[in-house]
C-alpha cells in the first residue's frame, strides 16, 4: 500500500520548532521511502520521519534530510506493529522569504516480519547444515 502527504513549510522557521504533520499508514512493514522537496527552492531546510515518537529516517538522532532538488528514496524494512498507525513528519525552513513544499511517501506491505519466536532452532539447523531430523 502506498501512503503520502504534502506539507507546506512556512518561511522563517528553525529545527527547534518544526512544522509537524501526520501520515496515516496501515500495519505492516515499510519497504520504501520517498522524500521530495519542490525543486528550485533554497536548501535551507530539513525533514525527518518519526514512528511512535522515535526518529526512524534519517536514523541518526537529531539529523535531518536536507532540502535538496535531488530525489531521495530508499528501501528499508521497518515493522509497524503497534497502534497508532501513523508516522509523524517534521520539517523546517529557515529561508526568511519563501515557503517550501515537502512531499513524503512510504510503501507498506501488509506482512508480519519473521521473529525468532516463529522459528525453532532445529529448523535453522536444518537449513544451515542441510540435514534432516
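No lab work stands behind these numbers, since they all come straight from the coordinates. All values reported here derive from a predicted model rather than from experimental measurement. Using ideal geometry, Cβ is built from the backbone for each residue, glycine included, and neighbour counts are taken over all protein chains shown.
List of remarks:
- Set of region 63-98 residues, backbone N closer than 15 Å to the point 7 Å along the Cα-Cβ line of residue 52: 78-88
- Compactness relative to 2.2 N^0.38 Å, alpha carbon Rg of region 1-46: 1.40
- Separation of the residue 99 and residue 43 label points, Cα + 7 Å toward Cβ, nm: 2.5
- Spin-label model, residue 61/residue 26: points 7 Å from Cα along the beta carbon direction are separated by 3.4 nm.
- Available extension along the chain between residue 8 and residue 77 is 22.1 nm, counting 0.36 nm per residue and deducting the alpha carbon span.
- Radius of gyration and maximum dimension Dmax of region 27-68, Cα, Å: 11.9, 35
- Both radii come from the Cα set of region 1-98: Rg as radius of gyration, Rh as Kirkwood radius; their ratio Rg/Rh reads 0.96.
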